[in-house]
Amino acid sequence: MTEMVRAENVHKSFGSLEVLKGVDLTVPQGGVSCVLGPSGSGKSTFLRCINHLEKINAGRILVDGDLVGYRERGGKLHEMSERDVARQRQSIGMVFQRFNLFPHMTVLDNVMEAPCRVKREKKAEVRDRALSLLDRVGLAAKVDNYPAQLSGGQQQRVAIARALAMRPKLMLFDEPTSALDPELVGEVLEVMKGLARDGMTMIVVTHEIGFAREVADEVVFMDGGVVVEKGSPSEVIANPQQERTKAFLSKVL
Ligand code: ADP
Ligand code: MG
């Protein structure tokens, strides 16, 4: 099985604050990993390290076999140029808690923007792909609307379509439903379930335990900058071994 993500002994500090203290994670191609853990445990920082929005201090991360942010030459690691980092990042889609759509652009233009401007793909092709992605996330009727005319759940589905428009090989989700009104959470999770079913490799930071139980191949529980426990949902969620995992789950379940 091909490994899409391999993180080994990842360390990250901000000044004297050590936020990641040796995190390991592997996700096979097509796998879904759900990362759970209390606020401040380093989940967002870890996701940001995977697409080099944060530089790690030690360890290494590979995406689809390529070192993130570095090249190996003559046995030594060299930092990639900004341009190469940007190119590498194009293959990794990221969806945040806040949707950050461009407010002055229609839904369709939001989805077409990056492939047209960053990748300079042909407009007609991008348009076809964007329309089909918007159909896939249930927003075919909203393509000409502006973000402000959509609900939070609809905006988040546009954000997912926008990330997919770059044809990523990996999708990172950082609490994609945490900013939504409760009645809008389900529609976003449904889109994510569909993606998982279609074979997208995904790392999802979430407090939605039901989603993790149903969709995750592996559940990873982080606390204090380390992976405390990981395993299948039936291991980690239904039968946690570590006290910290039990305490956390008893609060969110
Ligand atoms: P989580 O997503 O699990 O809530 P984060 O990764 O956001 O946790 O944060 C982990 C710790 O790192 C927190 O103590 C946070 O304040 C700190 N932190 C995150 N980003 C920065 C930054 N850019 N500068 C300084 N500290 C940061
Ligand atoms: Mg976070």
Okay, strands (runs of 3 or more DSSP E) sitting entirely in the stretch 144-253 with 2 or more residues that are within 15 Å of ligand 1 (Cβ to nearest atom), at negative phi and buried (at least 21 other Cβ atoms within 10 Å of the Cβ), I get 170-174, 202-205, 218-223
Please verify whether A124 is outside any loop (DSSP other than H, G, I, E, B), aliphatic (A, V, I, L, M) and more than 13 Å from M192 (Cα to Cα), treating the condition exactly as stated. yes
**Message:** Being within 16 Å of ligand 1 (Cβ to nearest atom), charged (D, E, K, R) and touching a residue at least 24 places away in the same chain (Cβ under 8 Å) is the requirement here; does R98 meet it?
**Reply:** yes
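All of the numbers you see were taken from the coordinates with simple rules; none came from a lab. Remember, it's a predicted structure, so these values are computed and weren't measured experimentally. Neighbour counts run over all protein chains shown; Cβ positions are idealised from the backbone, glycine included.
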